[in-house]
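Below is one structure, written out as structure tokens, with a few remarks after it.
Rule-based calculations on the coordinates, nothing more; no lab input. The shown structure was predicted, so the numbers you read here are calculated from the model rather than taken from an experiment. As a convention, Cβ positions derive from the backbone with ideal geometry for all residues, glycine included, and neighbour counts pool all protein chains shown.
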Amino acid sequence: MNSLAGNAKLSRRRALRELLMRAQLAHQERLVGLGAIRSDDRGSIQGDEMDVASEHAEAETHARLIEHRWSTKAVLDDALERLRRGLYGVCDECGEEISLERLRVIPFTAYCIDCQHQRERTKAAVGEGTESSIQSDF
């Protein structure tokens, strides 16, 4: 490998590491923010049924946000492990490099845009096949 290609590869690896570290930091800040919001909501609202129902709906939404954030943490941790092994930024399906633009938008993705589209088309086709077989049973 010539030095120009080696420098480009090293530069990409640094950019990938920085991108992933920023994504993880932003995620941690959002988790902390959700905790702060929840601690402010400790008091129970005294009011009519609509107030109580609204409070329960907000608590449910908050719980879902926290659950989503923790699942995001898991995929970010997986991306960090791929980085450690030298596999981050490489498509799990075709082995090609994932574009930096895609990784900036979805830092934890494991698939290039083409393979992701193919996965979604396959999933949709399987879902449609299942749906039509269910409908034919009725």
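Taking 0.36 nm per intervening residue step and subtracting the Cα-Cα distance, what contour gain separates residue 14 from residue 123 on full extension?
35.8 nm
Ordering of 80-87, 16-23, 119-126 by packing is 16-23, 80-87, 119-126, highest average first (other Cβ atoms within 10 Å, averaged per residue). Computed extension gain for residue 105 through residue 53, at 0.36 nm per residue and net of the alpha carbon distance, reaches 15.1 nm.
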